[in-house]
Structure formats: C-alpha cells, structure tokens
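Here, each number is a calculation from the coordinates, and none is a lab measurement. None of these values were measured; they are calculated from a predicted model. Glycine also receives a Cβ, built like all others from the backbone with ideal geometry; neighbour counts cover every protein chain displayed.
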Protein chains: 2
Amino acid sequence: MSQPVVRIGVFDSGFGGLTVLRALLEQLPAAEFCYLGDSARLPYGSKSRETVARYAVESARLLESDGAQYLVIACNTASALALDAIRESVRVPVLGVIETGADSAAAVSVSRDVLVLATDATVQSHAYGAACAERGMRALEQACPLLVPLIEEGWTTANPDPERSAVTRRVLQLYLAEAAARAADAGMTPDTLLLGCTHYPLLRDMLGSLVPANMRILDSAQTTARRVQRELGAPAASSSSASSRRCRFLATDSVEKFQSLGSRFLGQPIREVEHIDLGG
Amino acid sequence: MSQPVVRIGVFDSGFGGLTVLRALLEQLPAAEFCYLGDSARLPYGSKSRETVARYAVESARLLESDGAQYLVIACNTASALALDAIRESVRVPVLGVIETGADSAAAVSVSRDVLVLATDATVQSHAYGAACAERGMRALEQACPLLVPLIEEGWTTANPDPERSAVTRRVLQLYLAEAAARAADAGMTPDTLLLGCTHYPLLRDMLGSLVPANMRILDSAQTTARRVQRELGAPAASSSSASSRRCRFLATDSVEKFQSLGSRFLGQPIREVEHIDLGG
C-alpha cells in the first residue's frame, strides 16, 4: 500500500532557502514541494520585526492555500522574527530553521559555547541565543551583513576571478576576528560554528579554511530536512534522486533572476518559475 | 510681497536620496519638503522594472496626496525604470536624477565619453546610455552592486577601522579595472565619472584617489537641486541654513533605522520620522 503523497511548503525571502529545499528533496524522495521566494521584498535581514512578520505571514498563507500540509520556514530572519506570527495564522504545522540548528549544535558541542554567524535582524532578535540557552549552551551571535550581497554576486570560491573571492575571504576574516575578540572578552570558547543564514552554506569551504581545525561547522539545511522526515514519518531516502521537478517554484520578482541565481543555490537548473504578486 | 511656500516631495527607495535632499535644503531655503523612503522594500537596484515601477508609483501618489506640488525622484533606479509610469500617475511635475546627471556631464566632458557607476538595475535599463546619446556622448555603464551594502554598513573612509574601508577600496578598484578594460575594448576614453546612484557621494573621496587626476567626478544631487530651483523660479540660497526641520520624513520600515542610517546621508540629525504602510 503506497503512502499518500505529502505536500510541503518551503518559504524564504529569496534564494537562500533553496539550500534547505535541496536537502529536503534529497531526504524526502516521495514528497512534493512548493517553494515561495519573496524576492520582490528581499532582503529581510535588514528589516524590522513588524515588516518581516507581515511579509512572512502573507507568504505562509499563500503556501497553505496552495495545499501545503506542512510548512518549512527556510529563512533564519523569518524564523527568528515571525515564527509565532506564522503559527498563529495557518492551521498546518510550521518548522523554523533556528530550533533545528540549535538542536544540531547541542548534539556536538563539548565546550557548550556556539558561534553563530547571521544577518543583522537575526542577531538582533537573539533567537539563537535563546534557543541555545534552552539547551544549556551559550551563543556568541555575530552579525555578518555583507555576506549575503557577496554571495548573491557570486564572489565565492566558485568565481573564476580569485581577486573577487579574496574580497569575501577578507570580509569573513574581519567578521571572525571581531567574533574572536568578543568571545575572549566574554570568556567563551566556541567549538561549534552554526551557519545562521541559509545563504552561508555557499561559503562553507572558505569558512573551513579560516576557522581552527577543531571547530565543527553546522548548517541547518540537513538537520531541518531530517527533522521534517522524522515528523512526517516519511520513508528514508533510498536513492539520491533530488530532481527539482517535484517542486513548484513561485517568486514575487523576476522569474529570470530567480532561475539564474536560484540554480546556484539549488545545485541544479530550475526550469519553470511562476511569478506571483503578494500586493507588495 | 512674500512668495507662497512651495512644497516639494522627494522620493527614494531608502536613504541614498537624502544626499539629494541635502542639496535641495541648501539650494531652496524657502521651500518645504516631504521625504519618503520606501525602506521596507529596498533595495530597488536588484529588482525588475515592473516591481520598481509599482513601488515607485505608490510612493509618488502618496507624496502628491500629502500636498507636494513638485516631485523629485531622488533614486537612480526608480528614475531609470519608472519615470514614465510615475509621470502618468500624478498631476504635478516630476524630475528624475538621470536627466540632470547627463546634463551636468554634457556641460563638462571634452572627450564626450562618460563613465557611469550605478546599480545593476540602472545599468540594465541603459537609461544613462540613452540620456548621454541624446546629448552627443557615449556612456560606459558599469554595474557596482556591492557598493550600496558596503556604504550602508559604513565601510567608508568615515569608518574608524581602516581595514574595513580598505575592503571597499579594493571592491572599487575591481569595478574600475573592469570598466577600464571594457573602455579599452570599446575604444572609449572617458574623462568624466558620473555617480549614477545617490549612495555613491559617500565614496567620493575614495573615488577621487583611485581615478586619473584629469577625470571629473560628478554627482547629480547638486545639479538636480539647481534644476529644481530654476524650474520653480525659487530665490537662490542666500544663507547656508539647511535645517532638516523644514522636511517631513516618512519611512516604510523601522523609524529608528531610518534615523540612525539616514543621518549619515543627510549630514545632520533626523529628529522625527513617521512610519507609513504602503501595503507591501
């Protein structure tokens, strides 16, 4: 007897959530997905709680009306600032990436001190600090506002011009030095680095070469995907088929830009994107 | 007999237009202003023509209903993508910064080749290319998408950490090198550099140290202010009083952020900001 197909809605302010969708496609081979990128109003990371909550609730309702039985908020800023507002506005279960990220840190950290790199808005919300405290850890939250624009411009190790990726490397060094100074001041010894923004997995290699060898780097895409699989009782992945054909893509800004930029985050071509208007 | 006070609406996607407002306050000492920063939906520079036009028209209508008798679109992206749409949607005269910028270049360029630094959306619109061609010049339009985030983070010469301003300097060098290579390929010899984004005046000193000594750097804030003064037949400034008390400030996102970031662009404190909701 085959299980009914489950439909999962995935929401992000733009493209970063596609790193989470990628993990979901791999972990849940029988599910169907609808991904909504609110690209006309990105980035959320520099906006206020009220504005982010209003945007995120509109998007969550749209995914629910599209038939989603489960919502993944694949955006750290929206998870930090709007998770309660989203849960109050829809009937289906809602999972944010911050709780799952904190869970994964709690499973591996020995020093119980965690370094979190994130956007301004996520840091100012102290959502990671609260989630880590609930799990008996301390979080050093470091805002890295320039990383999203650098990643979206493609100034990563994938860039053919090494002078451009060198700029991003330099910016990362400055942020990590600031974090190290703050950790020393606070008497903290982080042994775990949590990527608190769904864009940052694209800098994972670069980060690996800049942090001490004993520092574990965690991104919440994998842990989020495993958590969804467990909660839905979905069969574990038996193959590595992660075709994006099982996903409907919606974007609030240019579909061409979503296709070209999004493919880099998803790791495969995005063939069809529908434009939608959320009235913003 | 005293002239009736004229009310001028100034629109930008966020903060950069405050460099234009600053010039207007200086040039039009008897006018009153209303500045609208659509900060909940910035940046416009990475969004599509349709989206930018929709946002800009909503904002222009709001300024007209607030009593503006004249509108200044102090945003290059909106001037490039939405000027016609704005003019069709309001009854008052509308001035964009691109025409005035091209006019100022036409007045000084000897080689008739102009280098324009701007956002992605402004470059892709080729609005400067068209405006320069109409004036018998060629424009080399160079997209510099990382400059706005770097300026908004304050990684300019005003930053107390020279390692941070050095990153911006390096990014500028890479953009200027790309532009120089493209100019050589096209057989162009620009002698004039037009700042095609209202954020860029904050990098004027840094740019001055990176371009050849004979290159003139122009920003459209001053020329725009003089044009408005001329068109309105307003008296020339007799004092240097440019108090922001003659301006009402409206923002679609956090008023605190508008005050702290905006004061840097305006060059003086912004005391009171009203939050408005454009339904986005």
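Residues B:Y44, A:Y55, arranged from fewest to most other Cβ atoms within 10 angstrom of their Cβ, appear as B:Y44, A:Y55. Using a Gaussian network model of chain B with C-alpha springs under 10 Å, which one of B:E32, B:E88, B:E64 is most mobile by mean-square fluctuation? Among B:E32, B:E88, B:E64, the largest mean-square fluctuation in the Gaussian network model of chain B belongs to B:E88.
Sort A:I73, B:I151, A:I217 so the one with the fewest other Cβ atoms within 10 Å of its own Cβ comes first. Don't skip to the answer; put the middle values down first.
Values: A:I73 28, B:I151 23, A:I217 18.
Result, fewest neighbours first: A:I217, B:I151, A:I73.
Calculated from the alpha-carbon coordinates, segment B:30-175 shows an Rg and a Dmax of 16.8, 49 Å respectively. With q set to 0.07 Å⁻¹, the log10 of I(q)/I(0) for the protein assembly as shown, from the Debye formula over equal scatterers at the Cα positions, is -0.42. Give the distance, in whole Å, between the Cα centre of segment B:1-74 and the Cα centre of segment B:260-274. Cα centres, segment B:1-74 to segment B:260-274: 15 Å.
For segment B:250-261, putting each phi into the Karplus relation 6.51 cos²θ - 1.76 cosθ + 1.60 with θ = phi - 60° gives couplings of 10, 9, 8, 10, 3, 6, 5, 5, 4, 5, 6, 6 Hz, in residue order, rounded to whole numbers and with x for Gly and Pro.
Quick one: if you take sqrt(5λ) for each eigenvalue of the C-alpha gyration tensor of chain B, what semi-axes come out, biggest first, whole angstrom?
29, 21, 19
With its label point put 7 Å out from Cα toward Cβ, A:R230 sits 7.0 nm from the same residue's point in the other copies, in order from shortest.
I need B:M188, A:M215 ordered by Cβ neighbour count within 10 Å, fewest first.
On the way: B:M188 18, A:M215 14.
The fewest-first ordering by Cβ neighbours comes to A:M215, B:M188.
Distant-in-sequence amide contacts of B:L95, defined by a placed amide H-H separation under 5 Å and a gap of 5 or more residues or a different chain, comprise B:L71, B:V72, B:I73. For peptide A:144-156, the mean count of partner chain Cβ atoms within 10 Å of a residue's Cβ comes to 3. In this calculation the C-beta distance from B:I276 to B:A166 is compared with R0 = 25 Å, giving a FRET efficiency of 0.05. Taking only Cα atoms and a 10 Å spring cutoff, compute GNM fluctuations for chain A and point out the largest among A:A56, A:A121, A:A234. Maximum among the listed residues: A:A234. Run the numbers on chain A and let me know its relative contact order in percent, using alpha-carbon pairs under 8 Å that are six or more apart. Over chain A, the number comes to 27 percent.
In order along segment A:186-194, phi translates into HN-Hα couplings of 8, x, 9, 10, x, 10, 9, 10, 9 Hz, rounded to whole numbers, per the Karplus curve 6.51 cos²θ - 1.76 cosθ + 1.60 with θ = phi - 60° and x for Gly and Pro.
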